[in-house]
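What follows is a short report on a single structure.
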Amino acid sequence: MAGILITMEGPDGSGKTTQISLLAKVLTSEGREVVQTREPGGTPLADRIRVLVLDPAHDKMTARTEALLYMAARAQHTAELIRPAMERGAVVISDRYADSTLVYQGVARGLPLDSLIWLNRFATEELTPDLTLLLDGDTDCLAQRVTSRGNKDRLDNEDPEFHRKVREGFLLLAAQNPERFRVIDADRTVESIQLDIQRCVQEFLQKRGR
C-alpha cells in the first residue's frame with residue numbers, strides 16, 4: 001500500500017493523545033493526508049465495543065473476553081478505516097494498535113502470547129505498523145496523571161503491579177523489535193517529547209523516500 005501506518009503506544013497517562021494531535025498538525029502542514037485514530041475505536045462499531053470493554057461496571061470480564069473484544073474492534077477498525085486510508089496514500093496515526101494487546105492481555109493478564117499473535121494477524125490480515133513510537137515514563141508519575149484527569153476507565157483502575165507489568169511489556173517488545181520501535185522519554189515537557197517524535201518520524205520518512 002502507498003500509505004504509512006504509525007502507531008503510538010505506551011502506558012496510560014503517557015500523553016499519546018496530545019502528542020498525536022501535535023504530530024498530525026506538523027505532517028498536515030507538509031501537505032500530507034493524515035488520518036488520526038485510536039483503539040479500541042475508530043469506527044462506529046469499534047467505538048461501541050470501546051464503551052463496552054472499558055466500562056468500569058464490567059469488573060468481572062475475563063481476560064479472554066477482553067482480548068476477543070479488542071480483536072473484534074481491531075478487525076473492524078483495520079478493514080473500515082486503516083486499510084482504505086493507506087490505499088489512498090495517507091499517513092495513519094493510531095493511538096494504540098496490536099502491540100497493546102500483546103502487552104495488556106499477554107504480559108499483564110498472562111494470556112499466551114502465541115495465541116494473541118495469531119489472533120492479531122487474523123484480525124488485521126497481517127497488517128503491521130511501519131513505525132511505532134513508544135512513550136515510556138515512570139509508572140507512579142503516569143498514574144498521577146491518570147488520576148488528575150478523572151473519569152478512570154476499567155483498565156485505569158487496575159493495581160500498580162498491573163501497570164508496572166504493562167510498562168515492562170512495552171519495553172520488552174521495543175527491545176525485540178528495534179527496527180520498528182522508537183522509545184521516547186515521556187517524563188518531560190510536551191514540547192521536548194514532540195521534538196523527539198518529529199525527529200524520529202522525519203528520519204523514518206526520509207529513509208522511506210517520503
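Computed quantities for the displayed model
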| read-out | value |
| --- | --- |
| Extreme residue, farthest from the chain's Cα centre (by Cα), among residues of segment 146-183 that are open to solvent by less than 50 Å² (accessible area, probe 1.4 Å) and closer than 20 Å to Ile4 by Cα | Asn177 |
| Tally, over segment 129-182, of residues that are outside any helix (DSSP H, G or I) and either of a type in the set (S, T, N, Q) or out of contact with any strand residue (DSSP E or B) (no Cβ under 6 Å at 6 or more places or on another chain) (or both) | 16 |
| Given (1) in a helix (DSSP H, G or I); (2) of a type in the set (Lys, Arg); (3) loosely packed, with under 15 Cβ neighbours inside 10 Å, number of the condition Arg50 does not satisfy | (3) |
| Residue identified as surrounded by fewer than 19 Cβ atoms within 10 Å (Cβ to Cβ), among the charged types (D, E, K, R) and in contact with a helix residue (DSSP H, G or I) (Cβ under 8 Å, 6 or more places away or on another chain) among Asp140, Asp114, Asp95, Asp99 | Asp140 |
| Any hit, segment 18-34, residues being open to solvent by 10 Å² or more (accessible area, probe 1.4 Å), part of a loop (DSSP other than H, G, I, E, B), in contact (Cβ under 8 Å) with a residue 60 or more places away in the chain and on the phi < 0 side of the Ramachandran plot | no |
| Test: residue in segment 85-93 that is among the basic types (Lys, Arg), within 20 Å of Thr7 (Cα to Cα), touching a strand residue (DSSP E or B) at 6+ places or on another chain (Cβ under 8 Å) and touching a residue at least 24 places away in the same chain (Cβ under 8 Å) | no |
| Among (1) closer than 22 Å to Leu131 by Cβ; (2) surrounded by fewer than 21 Cβ atoms within 10 Å (Cβ to Cβ); (3) touching a residue at least 12 places away in the same chain (Cβ under 8 Å) - the single one Ile82 does not satisfy | (2) |
| Single match in Gly110, Gly89, Gly41 (criterion: in contact with a Gly (Cβ under 9 Å, 6 or more places away or on another chain) and in a loop (DSSP other than H, G, I, E, B)) | Gly89 |
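The values are calculated or read from the model by the stated rules, or taken from the named source; none is laboratory data. Remember, it's a predicted structure, so these values are computed and weren't measured experimentally. Cβ sites come from the backbone with ideal geometry, for glycine too, and all protein chains shown count toward neighbours. Ligands, DNA and RNA are stripped out before the accessible areas are found, and what is left, the full protein with its side chains, is counted by its heavy atoms. Shrake-Rupley method; radii C 1.70, N 1.55, O 1.52, S 1.80 Å.
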